[in-house]
1. Of these, ASP84, ASP64, which one is under 14 Å from ILE15 (Cα atoms) and acidic (Asp, Glu)?
2. For region 6-25, name all the residues that are open to solvent by less than 40 Å² (accessible area, probe 1.4 Å) and either more than 18 Å from ALA69 (Cα to Cα) or among the small types (Gly, Ala, Ser) (or both).
3. Inside region 26-50, can you point out the residues that are open to solvent by 40 Å² or more (accessible area, probe 1.4 Å), in a helix (DSSP H, G or I) and at pLDDT 95 or above?
4. Output the residue which, of all residues in region 67-84 that are part of a strand (DSSP E or B) and aliphatic (A, V, I, L, M), is most open to solvent (accessible area, probe 1.4 Å).
5. For region 54-64, which residues satisfy the criterion of being within 21 Å of ILE79 (Cα to Cα) and either touching a residue at least 40 places away in the same chain (Cβ under 8 Å) or loosely packed, with under 14 Cβ neighbours inside 10 Å (or both)?
Amino acid sequence: MASKEYLHNGENVLIVDDFLANGNACLGLIDIVNQAGGQVKGISCAVEKTYQGGYQKLVDLGYDVYSLARIKKMENGKIEFMKD
């Protein structure tokens, strides 16, 4: 659990992660913020593995999710990025 020294009731929080795959790390952080009485205002990650479903899971829960790179699929040693 996060220390109450750093996270207080009523605070707005932006979650920043390196990789977003299934979304479980973000869901755990969301739970910690909620337990502390804070509110998650958005989620940002460097690389999103869109094909693993975490992005959609978080969006379906109502969170704004922003990524620097979105990977559509990885197969046969090749990476295909999402096109905007």
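1. Values: ASP84 fails: under 14 Å from ILE15 (Cα atoms).
Result of the check over ASP84, ASP64: ASP64.
2. Within region 6-25, LEU7, VAL13, ALA21, GLY23 qualify.
3. Residue satisfying the conditions is LEU27 alone.
4. Across region 67-84, the extreme among qualifying residues is LEU68.
5. Initially, region 54-64 is screened for residues within 21 Å of ILE79 (Cα to Cα), giving 54-56.
Selection gives GLN56 alone.
The values are calculated or read from the model by the stated rules, or taken from the named source; none is laboratory data. What you see is a predicted model, and the numbers here were worked out from it, not measured in a lab. Positions of Cβ are backbone-derived with ideal geometry, glycine not excepted, and every protein chain shown enters the neighbour counts. For the accessible areas, the whole protein counts, side chains as well, though only heavy atoms, and no ligand, DNA or RNA atoms are used. Shrake-Rupley method; radii C 1.70, N 1.55, O 1.52, S 1.80 Å.
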